[in-house]
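Reading through the structure tokens given below for one structure.
FYI, it's all coordinate maths here, none of it is from the lab. Note that the coordinates shown come from a computational prediction; the quantities given were computed from them, not determined experimentally. So basically every Cβ, Gly included, is an ideal-geometry build from the backbone, and we count neighbours across all protein chains shown.
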Amino acid sequence: AGQTGQMLAGLMGWAQATFASKVDVDPAQKVAHVTREIDGGLEKLQCRLPLVITTDLRLNEPRYASLP
């Protein structure tokens, strides 16, 4: 479980960034800036596109529906 992104990147020969908590893509430069949380703090990666990115749960904070 949790290995789909890594296996996909390996099969396609693309770079990978795992457990991303923040992603910024610069299409003009064809790079992605990925921040991920590790035990010692934050790790910032710069990866060339194409790229497979797997995310951490903190990347998307769900909104709660307001009820009337």
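One residue is enough: does region 51-64 have a residue meeting the conditions of a type in the set (F, W, Y) and either out of contact with any strand residue (DSSP E or B) (no Cβ under 7 Å at 6 or more places or on another chain) or assigned to a helix (DSSP H, G or I) (or both)? Spell out the reasoning first.
So in region 51-64, the residues of a type in the set (F, W, Y) come out as 64.
So of that shortlist, the ones also either out of contact with any strand residue (DSSP E or B) (no Cβ under 7 Å at 6 or more places or on another chain) or assigned to a helix (DSSP H, G or I) (or both) come out as 64.
Yes, region 51-64 contains a residue that is of a type in the set (F, W, Y) and either out of contact with any strand residue (DSSP E or B) (no Cβ under 7 Å at 6 or more places or on another chain) or assigned to a helix (DSSP H, G or I) (or both).
Annotation: of all residues in region 16-68 being of a type outside the set (A, V, I, L, M, F, W, C) and at positive phi, the one that is surrounded by the fewest Cβ atoms within 10 Å (Cβ to Cβ) is G41. If I ask for residues that are part of a strand (DSSP E or B) and under 21 Å from G10 (Cβ atoms), which ones from region 28-50 would you list? Correct list: V31, A32, V34, R36, E43, L45, Q46, C47, R48.
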